[in-house]
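Colleague: The structure is given below, and queries will be raised subsequently.
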Number of protein chains: 2
Amino acid sequence: MSSVKVKKKLNKLKEQLADIVGTENVDDTTSGRLVYSYDATPNYQSLPDLVVAPGNAEETAAVLKLCSETETPVYSRGSGSNLCADTCPVKGGVVLLVKRMNKILELDKENLAVTVQPGVITKTICDTVEKEGLFYPPDPSSMKISTIGGNISENSGGLRGLKYGVTRDYVMALQIALPNGELIRTGGKLTKDVAGYDLTRLFIGSEGTLGVITEATLKLIPKPEAQKTILALYQDIEAAGRSVSKIIANKMIPATLEFLDQDTLRAVEDFAHIGLPTDVKAILLIVQDGPQEIVDRDIKKIAEICRSEQAVDVQLAASEEEAEKLATARRSALSALARLKPTTILEDATVPRSEIATMVRAISEIAEKYNVRISTFGHAGDGNLHPTCLTDSRNEDEMQRVEAAFSEIFEKAIELGGTLTGEHGIGMTKAPYLEWKLGEAGLQVMRGIKQAIDPKNIMNPGKVFADESKERMVAAK
Amino acid sequence: MSSVKVKKKLNKLKEQLADIVGTENVDDTTSGRLVYSYDATPNYQSLPDLVVAPGNAEETAAVLKLCSETETPVYSRGSGSNLCADTCPVKGGVVLLVKRMNKILELDKENLAVTVQPGVITKTICDTVEKEGLFYPPDPSSMKISTIGGNISENSGGLRGLKYGVTRDYVMALQIALPNGELIRTGGKLTKDVAGYDLTRLFIGSEGTLGVITEATLKLIPKPEAQKTILALYQDIEAAGRSVSKIIANKMIPATLEFLDQDTLRAVEDFAHIGLPTDVKAILLIVQDGPQEIVDRDIKKIAEICRSEQAVDVQLAASEEEAEKLATARRSALSALARLKPTTILEDATVPRSEIATMVRAISEIAEKYNVRISTFGHAGDGNLHPTCLTDSRNEDEMQRVEAAFSEIFEKAIELGGTLTGEHGIGMTKAPYLEWKLGEAGLQVMRGIKQAIDPKNIMNPGKVFADESKERMVAAK
């Protein structure tokens, strides 16, 4: 298409979108588009043609209908804190912001449920329900900035996955805008509902490739009465791994069971200055919650297990404030590491928890083999590690080695019965590897579902499915 | 097709199936087919043409491939204990039995996971893991005879749904034979896995319409240390409903919170003779489990709440044996009621738990309006009621009134934010109503998925999708 025609088509689309959402909610300025040309994933950037912010579910559905009719790519976006380039508008088209849909609609204390719009910040939900003695457990490290819509689209995990599960386990009902412009509701305030296929969970974690979540009802649980935090210090990484296995084998499921290696520890301490030990090879940060007497009993037993597995020291957080500081420090691991080098590539290969020690050792050997710097931290209790490579994207030779190293890490995770990604998603970064996990037959099932729901392939094209080659409607630059 | 041609085609199919599974595992005798012409659902019966029992996943996949090629309907079947006619071979074709795939393959204590074949009996899994101090919570009332493959296909619930969730919440990984003859694996021994769409949960509860489950890895949790059971007796059904809400509002989630009305109580006592009170309007059977001190504390508080809500008596089960007797009596409710009249129609309309009292009252009013006898019991804590109609299918006039009454019950459940079926499935019995819950747009999404995965519509045709009119390959009679 000639550039004049492209421009004409784009202007018409802009007008039609403005008819739906209002002129003030459509942006085609360079600066406005630039803001949404990238997300938290390094090395991915592409300009959208337009940025649109619908104000409700009906407007969202109408935008999708228009985009289907005009075969315009749509990328729904919360805060863009994802780490797999899922909100990068790689094929041009429209970035659809959910930021105006940011209300908590209802807190239903009788049914332990909260109903929210997709643009609500995760931590706002947690804080709101905790005031009522209730608890929304999923806590991705980005929870201070991430939106619940993004969490649902990515099936976000966090530090409490081991005991409490992930976002998927707390979504009871959804309202979804489909590419054909229809709005559907799935589920309800119900523990049990087997009326039809589990569309709720099909859309959770579908990374914006099937529809846009316009409302969600989340399951809440009573807030645990008490909580205690300990740090176990190790000079031997394998001993830390064995401690993890032994705690679980002793029939205790801690709320949080985090692992940090020395490199990460030093970076975090340098960043947060809270007095973390930096002279040990690894630590486990362990939190138990529940009724006070059970927390006391479990923490005592856990400390004994860590000591019996050669922990050089076990420290109990003296106060809630200190425990909170430790958790915050752990959450800041990525930010802390990111200060050290121009480019930080964070992965989340995941293995069965019995393979944690093997995987940590394998990562370290692979890093050595390719001569790259990889720090490892992560959710040891659920086998979800975050090998993090500190590098510089301008160094092409090193970047090739980084890529080779991560390929080998993915391969190893799958070999150990694990997966490519525990909580970050496939997006663009892991799409070429997805077949390794699912096989061609599994991918074929996914393609069939995608084709059935989004036949024009307008929803987040270029993500999840690697060989996607859908033409962009309008040139991105 | 002429009957000679039909016979010829059928003989060929029989030979081809025998080539896959062995002659001894294909049955075309009238008696053999008769056994599998119906399931636990009253009033549905249809003869299959053949019954086949593959011995492993590869044979299962090969059978499906052959059935796709020959456009032969396939109905996978465990013990046939489902209550929505899901295993009734309504379009003729092949009943595929999973009974030969009945091994527990691995109990992985480090990762708290058990891997099983589909034909293992649910209770066998529970008993096996409990010997190791572990716990598989889903406990459908049919657990003594139901297979895990059936539980997964139906997403079975049970008495512990409120606190522990349903089958869906305990399936970590599946191996599935697809209609195209491919075998896929989904998930892993992982709490966190976001590599692609959630195919695990798409197949859970898909009622045999998408594929056959050939292996499953189930999540286990540590077995609760202690358990206590109480009975709360009421002369006022609304007071029982209020007690349920108040227990949860007080931040306690009992393991089991069952409701039985007087009609059910009398039938159960008459059947089980364990000394249940039959002079009260309703009872709540409440179980709490967990650490001993927490169980003691919760049961004390729960008893106080029940008394404060006009329970006329609260009785503590004196021993584990007595508690077990009460649970067994509750599980026998359907059998007990079924003795009273020739036909027993059990439904499972489900509402948010705050609507339990409203729903029980509505059911009673609807029964009166249509002059039919409906007893109600069920899982009050998760809003999953089992209104049970005692009737006689030979009485056409009454059966019409029964159908009208249940239609109104479904409508009421949906109006209250509930669903058609909490744990029994759609199958044939509720297929005509499914659109009420999902809307045409939701059903359309389901149809698209079905078409993508099973384009020849061989998997359990005539179920879930009401307007299904796929031609049978071979006449059933």
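The values are calculated or read from the model by the stated rules, or taken from the named source; none is laboratory data. What you see is a predicted model; the values in this text were computed from it and never measured. Neighbour counts run over all protein chains shown; Cβ positions are idealised from the backbone, glycine included.
Colleague: Do you know which residues across region B:164-178 are within 8 Å of another protein chain (Cβ to nearest Cβ), in contact (Cβ under 8 Å) with a residue 60 or more places away in the chain and within 30 Å of A:T429 (Cα to Cα)?
Modeller: Passing the criteria: only B:L178.
Colleague: Run down A:G157, A:G149 and say which single residue is assigned to a loop (DSSP other than H, G, I, E, B) and under 22 Å from B:T191 (Cα atoms).
Modeller: On the way: A:G149 fails: assigned to a loop (DSSP other than H, G, I, E, B).
Result: A:G157 is the single residue among A:G157, A:G149 that is assigned to a loop (DSSP other than H, G, I, E, B) and under 22 Å from B:T191 (Cα atoms).
Colleague: Would you tally the residues in region B:331-345 being under 19 Å from B:G161 (Cα atoms), surrounded by fewer than 24 Cβ atoms within 10 Å (Cβ to Cβ) and not polar (S, T, N, Q)? Quick ask: steps written out before the conclusion?
Modeller: From region B:331-345, those under 19 Å from B:G161 (Cα atoms) are B:331-334; that's our starting set.
This time we only want the ones that are surrounded by fewer than 24 Cβ atoms within 10 Å (Cβ to Cβ), so: B:331-332, B:334.
Among the residues that remain, those that are also not polar (S, T, N, Q) are: B:331, B:334.
Count: 2.
Colleague: So is B:P137 under 30 Å from B:A466 (Cβ atoms) and not in a strand (DSSP E or B) or not?
Modeller: Values: under 30 Å from B:A466 (Cβ atoms): no; not in a strand (DSSP E or B): yes.
The answer is no for B:P137.
Colleague: Being assigned to a helix (DSSP H, G or I) and in contact with a strand residue (DSSP E or B) (Cβ under 6 Å, 6 or more places away or on another chain) is the filter; apply it to region B:335-358 and report the residue that is farthest from B:A240 (Cα to Cα). First the steps, then the outcome.
Modeller: Residues of region B:335-358 assigned to a helix (DSSP H, G or I): B:335-338, B:353-358.
Narrowing further to those that are in contact with a strand residue (DSSP E or B) (Cβ under 6 Å, 6 or more places away or on another chain): B:337-338.
Working: B:L337: 22, B:A338: 25 Å.
Taking the candidates together, the pick is B:A338.
Colleague: Regarding A:P118, is this residue within 11 Å of another protein chain (Cβ to nearest Cβ), part of a loop (DSSP other than H, G, I, E, B) and within 30 Å of A:K450 (Cα to Cα)?
Modeller: Working: within 11 Å of another protein chain (Cβ to nearest Cβ): no; part of a loop (DSSP other than H, G, I, E, B): yes; within 30 Å of A:K450 (Cα to Cα): yes.
Here the answer is no, as A:P118 does not meet what is asked.
Colleague: Scan region A:1-36 residue by residue and report those that are buried (at least 19 other Cβ atoms within 10 Å of the Cβ) and assigned to a loop (DSSP other than H, G, I, E, B).
Modeller: A:Y36
Colleague: Another question about this same structure. Can you name the number of the only condition in (1) within 14 Å of chain A (Cβ to nearest Cβ); (2) among the charged types (D, E, K, R); (3) free of Cβ contacts under 8 Å to residues at least 12 places away in the same chain that B:E324 fails?
Modeller: The failed condition is (1).
Colleague: Might you let me know whether region A:206-226 holds any residue that is in a helix (DSSP H, G or I), out of contact with any Leu (no Cβ under 9 Å at 6 or more places or on another chain) and of a type in the set (A, V, I, L, M)? Lay out the reasoning, then the answer.
Modeller: Our first condition is that a residue be in a helix (DSSP H, G or I); within region A:206-226, this holds for none.
Looking for residues that are in a helix (DSSP H, G or I), out of contact with any Leu (no Cβ under 9 Å at 6 or more places or on another chain) and of a type in the set (A, V, I, L, M), one finds none in region A:206-226, hence no.
Colleague: Take the residues in region A:453-464 that are hydrophobic (A, V, I, L, M, F, W, C) and under 15 Å from A:Y75 (Cα atoms); name whichever of them is surrounded by the most Cβ atoms within 10 Å (Cβ to Cβ).
Modeller: Filtering region A:453-464 for residues hydrophobic (A, V, I, L, M, F, W, C) gives A:453, A:458-459, A:464.
Retained after the next criterion (residues that are under 15 Å from A:Y75 (Cα atoms)): A:458-459, A:464.
Values: A:I458: 25, A:M459: 26, A:V464: 28.
It comes out as A:V464.
Colleague: Which of the residues belonging to region A:37-62 are in contact (Cβ under 8 Å) with a residue 60 or more places away in the chain, in a loop (DSSP other than H, G, I, E, B) and hydroxyl-bearing (S, T, Y)?
Modeller: Pass one, region A:37-62, residues in contact (Cβ under 8 Å) with a residue 60 or more places away in the chain: A:40-44, A:46-49, A:56-58, A:60-62.
Now restrict to residues that are in a loop (DSSP other than H, G, I, E, B): A:40-44, A:46-49, A:56.
Once the filter is applied, which keeps residues that are in contact (Cβ under 8 Å) with a residue 60 or more places away in the chain, in a loop (DSSP other than H, G, I, E, B) and hydroxyl-bearing (S, T, Y), region A:37-62 yields A:T41, A:Y44, A:S46.
Colleague: List the pairs whose first member sits in region A:66-82 and is closer than 17 Å to A:E182 by Cβ, whose second member is in a helix (DSSP H, G or I), and whose Cβ atoms are under 6 Å apart, counting only residues at least 6 apart or on separate chains?
Modeller: Filtered contacts from region A:66-82: A:L66/A:Q16; A:V74/A:C67.
Colleague: Specify which of the listed residues (A:T214, A:T200) is of a type in the set (S, T, N, Q), modelled with pLDDT of 95 or more and either under 19 Å from A:P137 (Cα atoms) or surrounded by fewer than 21 Cβ atoms within 10 Å (Cβ to Cβ) (or both).
Modeller: Numbers: A:T214 fails: either under 19 Å from A:P137 (Cα atoms) or surrounded by fewer than 21 Cβ atoms within 10 Å (Cβ to Cβ) (or both).
Of A:T214, A:T200, the one residue that is of a type in the set (S, T, N, Q), modelled with pLDDT of 95 or more and either under 19 Å from A:P137 (Cα atoms) or surrounded by fewer than 21 Cβ atoms within 10 Å (Cβ to Cβ) (or both) is A:T200.
Colleague: I'd like the full set of residues that are buried (at least 19 other Cβ atoms within 10 Å of the Cβ) and under 22 Å from A:I121 (Cα atoms), limited to region A:38-60.
Modeller: A:D39, A:A40, A:T41, A:V51, A:V52, A:A53, A:P54, A:A57, A:E59, A:T60
Colleague: Please go through (1) more than 19 Å from B:L257 (Cα to Cα); (2) within 10 Å of chain A (Cβ to nearest Cβ) for B:I374 and return the number of the only condition it doesn't satisfy.
Modeller: (2)
Colleague: In region B:346-359, what residues are of a type in the set (A, V, I, L, M, F, W, C), farther than 18 Å from B:S407 by Cβ and surrounded by 23 or more Cβ atoms within 10 Å (Cβ to Cβ)?
Modeller: In the first step, residues of region B:346-359 are kept if they are of a type in the set (A, V, I, L, M, F, W, C); the result is B:346, B:349, B:351, B:356-357, B:359.
Add one more test, that the residue is farther than 18 Å from B:S407 by Cβ, and what stays is B:356-357.
The one that is of a type in the set (A, V, I, L, M, F, W, C), farther than 18 Å from B:S407 by Cβ and surrounded by 23 or more Cβ atoms within 10 Å (Cβ to Cβ): B:I356.
Colleague: Being among the β-branched types (V, I, T) and under 30 Å from A:V295 (Cβ atoms) is the filter here; which residues of region B:264-297 pass it? Lay out the reasoning, then the answer.
Modeller: In the first step, residues of region B:264-297 are kept if they are among the β-branched types (V, I, T); the result is B:264, B:268, B:274, B:278, B:280, B:283, B:286-287, B:294-295.
Matches in region B:264-297: B:I286, B:V287, B:I294, B:V295.
Colleague: Pick from region A:410-452 the residues that are under 14 Å from A:I366 (Cβ atoms) and under 19 Å from the mean Cα position of the chain (by Cα): which of them is surrounded by the most Cβ atoms within 10 Å (Cβ to Cβ)?
Modeller: A:A413
Colleague: Suppose we filter region B:423-437 for residues that are at pLDDT 95 or above and more than 19 Å from B:C88 (Cβ to Cβ); how many remain?
Modeller: Looking only at that region, the number is 0.
Colleague: Provide a single number: the residues in region A:345-404 that are on the phi > 0 side of the Ramachandran plot and out of contact with any helix residue (DSSP H, G or I) (no Cβ under 6 Å at 6 or more places or on another chain). Lay out the reasoning, then the answer.
Modeller: At the first step, the residues of region A:345-404 found to be on the phi > 0 side of the Ramachandran plot are A:371, A:378, A:383.
Checking the rest, the ones that are also out of contact with any helix residue (DSSP H, G or I) (no Cβ under 6 Å at 6 or more places or on another chain) come to A:371, A:378.
Going through region A:345-404 one residue at a time, the tally reaches 2.
Colleague: Follow-up. Kindly indicate which of B:G181, B:G161, B:G196, B:G208 is at the interface with another protein chain (Cβ under 8 Å from one of its Cβ atoms), small (G, A, S) and in contact (Cβ under 8 Å) with a residue 40 or more places away in the chain. Steps first, please.
Modeller: On the way: B:G181 fails: at the interface with another protein chain (Cβ under 8 Å from one of its Cβ atoms); B:G196 fails: in contact (Cβ under 8 Å) with a residue 40 or more places away in the chain; B:G208 fails: at the interface with another protein chain (Cβ under 8 Å from one of its Cβ atoms).
The unique qualifying residue is B:G161.
Colleague: Report the residue count in region A:425-457 for those that are within 27 Å of A:D139 (Cα to Cα), facing chain B (nearest Cβ under 7 Å) and in contact (Cβ under 8 Å) with a residue 60 or more places away in the chain.
Modeller: 2
Colleague: Only one residue in B:I286, B:I274 is at pLDDT 95 or above and of a type in the set (A, V, I, L, M, F, W, C), so which one is that? Full working, then the answer.
Modeller: Numbers: B:I274 fails: at pLDDT 95 or above.
Residue meeting the stated conditions: B:I286.
Colleague: From (1) within 27 Å of B:L162 (Cα to Cα); (2) touching a Leu at 6+ places or on another chain (Cβ under 7 Å), pick out the condition that doesn't hold for B:C389.
Modeller: (2)
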